[in-house]
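This report refers to the structure that appears directly beneath it.
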Amino acid sequence: MKEVIIMRMRNPKYKDEVINSCDFLIKDEINFNNDNPIYIEIGMGKGNFILENALNNKNINYIGIEKYSSVAAVAIKKIKEYKLDNLKIIINDVSNLEELLKNKVDVIYLNFSDPWPKKRHAKRRLTHYNFLKLYDSFFKDKNTIIMKTDNDDLFSFSLDSLKEYGYKIEELSYDLHKEDIPNIETEYESKFSNMGITIKYLKAVK
Ligand code: SAH
């Protein structure tokens, strides 16, 4: 028998109010009022990673992208406490952002992206050829993708896909927490790591 685990988040009570009153939500224009590099996380979830990065690196601008407003609202509520001018949020599917992000981005973070294990869903993986093509339009200059995952299959698919697309793998680990690489944990990362699952990591450049 097949076991199906459904993780669904209810709309938090405060969702609409939090989103409507958010002054760091990007709608149709990106403007940080400086020329600092822009790092984005595609699928930021509840936002711990991007928030801690923004707090630690004031000379880098961050954008957290999340397609589900119920999830993004949780992140926004947290981020609001800090009054940061180097962190903004986009609530949208990254597939819709070609125009908005064109030639703007320096680094893409993919943290614990949905693995889409079925072969017929391979096109939905965020390291599929079609997404790598989309990211080409986002990048300003050099392409840099930094990825972490618990999932062996997604990791090996991504390595192949990136290499085939012309990326060079600059850093690679099958057990990130054993390495001497500075690391900010995401929500999923803590969860999987506590379950004894090793964290896979790569940095790819083109
Ligand atoms: N990065 C977080 C969350 C990982 S779960 C962490 O590591 O804890 C993956 C997240 O990506 C989910 O919140 C999901 O809604 C979001 N996501 C998946 N596909 C997306 C897409 N195409 N565009 C934007 N967000 C996406």
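The values are calculated or read from the model by the stated rules, or taken from the named source; none is laboratory data. A quick note: this is a predicted structure, and the numbers were derived from the prediction, not measured. FYI the Cβ positions are ideal-geometry reconstructions off the backbone, even for glycines, and counts take in every protein chain you see. Keep in mind that these areas ignore ligands, DNA and RNA; they rest on the heavy atoms of the full protein, side chains included. Shrake-Rupley method; radii C 1.70, N 1.55, O 1.52, S 1.80 Å.
Looking at the range 175-206 only, could you name the residues that are aliphatic (A, V, I, L, M) and modelled with pLDDT of 95 or more? Break it down stepwise before answering.
Quick first cut of the range 175-206, residues aliphatic (A, V, I, L, M) only: 176, 181, 184, 195, 197, 199, 202, 204-205.
Listed by number, the residues that qualify are Leu176, Ile184, Met195, Ile197, Ile199, Leu202, Ala204, Val205.
Looking only at the range 47-56, filter to residues that are touching a strand residue (DSSP E or B) at 6+ places or on another chain (Cβ under 9 Å) and not aromatic (Phe, Trp, Tyr); which one of those is nearest to Ile108 (Cα to Cα)? Steps first, please.
Just the residues of the range 47-56 that are touching a strand residue (DSSP E or B) at 6+ places or on another chain (Cβ under 9 Å), to begin with: 47, 49-51, 53-55.
With not aromatic (Phe, Trp, Tyr) added as a condition, the list becomes 47, 50-51, 53-55.
On the way: Gly47: 15, Ile50: 11, Leu51: 15, Asn53: 13, Ala54: 14, Leu55: 18 Å.
Among residues in the range 47-56 that are touching a strand residue (DSSP E or B) at 6+ places or on another chain (Cβ under 9 Å) and not aromatic (Phe, Trp, Tyr), the one nearest to Ile108 (Cα to Cα) is Ile50.
Look through the range 52-77, keep the residues that are under 21 Å from Glu29 (Cβ atoms) and among the polar types (S, T, N, Q), and return whichever of them is surrounded by the most Cβ atoms within 10 Å (Cβ to Cβ).
Going residue by residue through the range 52-77, those that are under 21 Å from Glu29 (Cβ atoms) are 54, 60-67, 69, 72, 75-76.
Remaining after also requiring among the polar types (S, T, N, Q): 61, 69.
Numbers: Asn61: 24, Ser69: 16.
Checking each candidate, the answer is Asn61.
Can you find a residue in the range 194-203 that is in a helix (DSSP H, G or I), within 15 Å of the ligand (Cβ to nearest atom) and in contact (Cβ under 8 Å) with a residue 60 or more places away in the chain?
Quick first cut of the range 194-203, residues in a helix (DSSP H, G or I) only: 194.
Next, only the ones that are within 15 Å of the ligand (Cβ to nearest atom) stay: 194.
Within this subset, residues satisfying the condition of being in contact (Cβ under 8 Å) with a residue 60 or more places away in the chain are none.
No, the range 194-203 contains no residue that is in a helix (DSSP H, G or I), within 15 Å of the ligand (Cβ to nearest atom) and in contact (Cβ under 8 Å) with a residue 60 or more places away in the chain.
Taking the conditions exactly as written (under 26 Å from Leu162 (Cα atoms) and open to solvent by less than 30 Å² (accessible area, probe 1.4 Å)), does Phe49 satisfy them or not?
Numbers: under 26 Å from Leu162 (Cα atoms): yes; open to solvent by less than 30 Å² (accessible area, probe 1.4 Å): yes.
Answer is yes for this residue.
Lys168: open to solvent by less than 30 Å² (accessible area, probe 1.4 Å) and not acidic (Asp, Glu), yes or no?
Working: open to solvent by less than 30 Å² (accessible area, probe 1.4 Å): no; not acidic (Asp, Glu): yes.
In short, no.
Would you mention how many residues in the range 78-99 are open to solvent by 50 Å² or more (accessible area, probe 1.4 Å), away from the ligand (no atom under 15 Å from the Cβ) and in contact (Cβ under 8 Å) with a residue 12 or more places away in the chain?
Number of matching residues: 3.
Scan Asp141, Asp160, Asp152 and give me the residue that is within 20 Å of Ile40 (Cα to Cα) and open to solvent by 40 Å² or more (accessible area, probe 1.4 Å). Walk me through how you get there before you give the answer.
Numbers: Asp160 fails: within 20 Å of Ile40 (Cα to Cα); Asp152 fails: within 20 Å of Ile40 (Cα to Cα).
Testing whether each residue is within 20 Å of Ile40 (Cα to Cα) and open to solvent by 40 Å² or more (accessible area, probe 1.4 Å) leaves just Asp141.
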